[in-house]
1. Quote to one decimal, in nm, the extra length available between S191 and D222 on full extension: 0.36 nm per residue of separation minus the C-alpha distance between them.
2. Stretched out fully, how many nm does the piece from T51 to R137 gain, at 0.36 nm a residue minus the Cα gap?
3. Any of K54/K76; K54/K131; K91/K220 with alpha carbons more than 19 Å apart? Name them for me.
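Nothing in this text is a laboratory measurement; each read-out follows from the coordinates by a stated rule. Keep in mind it's a predicted model, so treat the numbers as computed, not measured.
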Amino acid sequence: MKLPSTAAMATDPPITQQITKDHREFKRPPVNVRLEDVEDCLIYDRDGVSTLFKELYQDRKSVVIFVRNFLCHACKEYVDDLSRIPGEVLKEAGLRLVVIGQSSHHHIESFCSLTGYPHDIYVDPERCIYKRLGMRRGEVSVESANPSPHVKSGMLVGHMKSMWRAMTSPIFDFQGDPRQQGGAIIVGPGSEVHFAHFDMNRLDHMPINWLLQLSGVQHKLDLSDKPKIIVV
């Protein structure tokens, strides 16, 4: 994936590109995030308490990650790795990390227990932000240069895990629209957008270390097992 320079991100609409295995570039549609379109959308915490979306990034830079649905095995394993980011690393960088799902708020507690995710998390059950920002509904196949380092389960095993979680959940549903794709944006403080990436399919997450480095984190994290900080 080709990352924009700092200067380009400050002046141009954020654009991400995918590199295929034969090293040709797959050019994505430009991602132009208009925060004024979504700043007044309501999001909900685990207790069902609402807040305005703009409150997430007014006072500090924030990495906001939108996931497909809480039953998606790829999203679950991506958030598994997000949970390994030490709070002190975020604090040192003056950074806020937020996950947003599109289920009912009733599913937040069980999802955090399952993944061990300790940072900020909200839901957008009406998919207000997803729709207004133009996040994809449906999947487009993109041949990645490398398999995602965050998704460990194969498709068949992942689907079986998702179905088992749905069947054993106290509230049997898909915990969000199963066709909705997510994305990631780096915003704030204020209404400045530093970077944006909208997923083309369920395996198209932005690598976590790339997001952190674009956000100003000065360390590369080893997310393969326990959290370790490697100074680069």
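1. Stretched fully, the S191-D222 segment lengthens by 8.0 nm.
2. 28.5 nm
3. K54/K76
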